[in-house]
Amino acid sequence: MLKKGISAALVAVAFGVCATGAHAEIRTGQATDPSGDSLGGPGADIVSARTTYDTNGSLSVAVTTVGPPAGFFITLTGSVSGTDCLGVTGTLAGTAPGDLAIATITGIRGTGSALELITGNTVSFSTSAPAFAGKDWTCTKVAITDPGGNGQPLDELAAPIYFAGFEPDSDGDGVKDPSDKCPTVAAAGTADGCTPPPAPATTSKKPTSKKHKASKSKRCKAKKHHRKARCKR
């Protein structure tokens, strides 16, 4: 079952405010998705995806599926908001197999051309256009729908691709969600974001005094001497 509504995400791309980056930079991110959760065939079952965004205006998204890509692929690149990916969105989309791909900004077609390339089980979409430059994009959503025209959702990434350095920290403990094994429990100062278990209780042995040790030694010697004496009789 899909975890988020794809149709709602597509409607949302028409809204939001764009923040312009002050310096050009290249941002990258990748994510994985469980196999076997698609409503379509192997070609519509996402297992991984990666994004590269150059704030000079280049955007590329590659999606790998269990089998040769088959379906209408939609990638929405926007800004991290909580654990979601929202704001003004750059969309790269196309049908695989096929050679027709589109590039849009917040649902406005004609903002640039897009290329589609299929290599094995991976389909890649890319574009380079002035309209894509200077965006404060930090994440990407990926989904596949039925190419037959009814738009039925088939599969999508369980969580957005978060660009390196922009991963969310849901519980605010300083450990980013992708590395946080307890993302809803704050545990500052830990490596995995989880509260360490309490230390096991220790029991200390009562120290034995030298006097007690000496007395015990004398008793042992006396017993040995008594046994020897009994044997000689």
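The values are calculated or read from the model by the stated rules, or taken from the named source; none is laboratory data. Everything quoted here is computed from the prediction, not taken from an experiment. Note: ideal-geometry Cβ built from the backbone for every residue, glycine included; neighbour counts use all protein chains shown.
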ask   = Do the conditions hold for VAL61, that is, is it within 18 Å of THR145 (Cβ to Cβ), in contact with a Ser or Thr (Cβ under 9 Å, 6 or more places away or on another chain) and modelled with pLDDT of 95 or more?
value = yes
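Rundown of residues vs (1) without any contact (Cβ under 8 Å) to a residue 60 or more places away in the chain; (2) surrounded by 23 or more Cβ atoms within 10 Å (Cβ to Cβ); (3) in contact with a Phe, Trp or Tyr (Cβ under 6 Å, 6 or more places away or on another chain); (4) in the same structural domain as GLY67 (by TED's automatic domain parsing), yes/no style:
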| position | (1), (2), (3), (4) |
| --- | --- |
| SER113 | yes, no, no, yes |
| LEU117 | yes, no, no, yes |
| GLY120 | yes, no, no, yes |
| THR127 | no, yes, no, yes |
| ALA131 | no, no, no, yes |
| ASP136 | no, no, no, yes |
| LYS141 | no, yes, no, yes |
| THR145 | no, yes, yes, yes |
| GLU156 | no, yes, no, yes |
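Suppose the filter is at pLDDT 95 or above, crowded, with 18+ Cβ neighbours inside 10 Å and in the same structural domain as PRO130 (by TED's automatic domain parsing); does GLY40 pass it?
No, not satisfied.
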inquiry  = Just the residues that are polar (S, T, N, Q) and either free of Cβ contacts under 8 Å to residues at least 60 places away in the same chain or in contact with a helix residue (DSSP H, G or I) (Cβ under 8 Å, 6 or more places away or on another chain) (or both), please, taken from segment 54-88.
reply    = SER58, THR64, THR65, SER81, THR83
ask   = Which of the residues spanning segment 128-144 are part of a strand (DSSP E or B) and either on the phi > 0 side of the Ramachandran plot or at pLDDT below 95 (or both)?
value = SER128, LYS135
ask   = Condition test on LEU2, is it within 26 Å of ILE118 (Cα to Cα), part of a loop (DSSP other than H, G, I, E, B) and either in contact with a His (Cβ under 6 Å, 6 or more places away or on another chain) or at pLDDT below 95 (or both)?
value = yes
key: Matching residues in segment 145-185 - criterion: being modelled with pLDDT of 85 or more and on the phi > 0 side of the Ramachandran plot   = GLY165
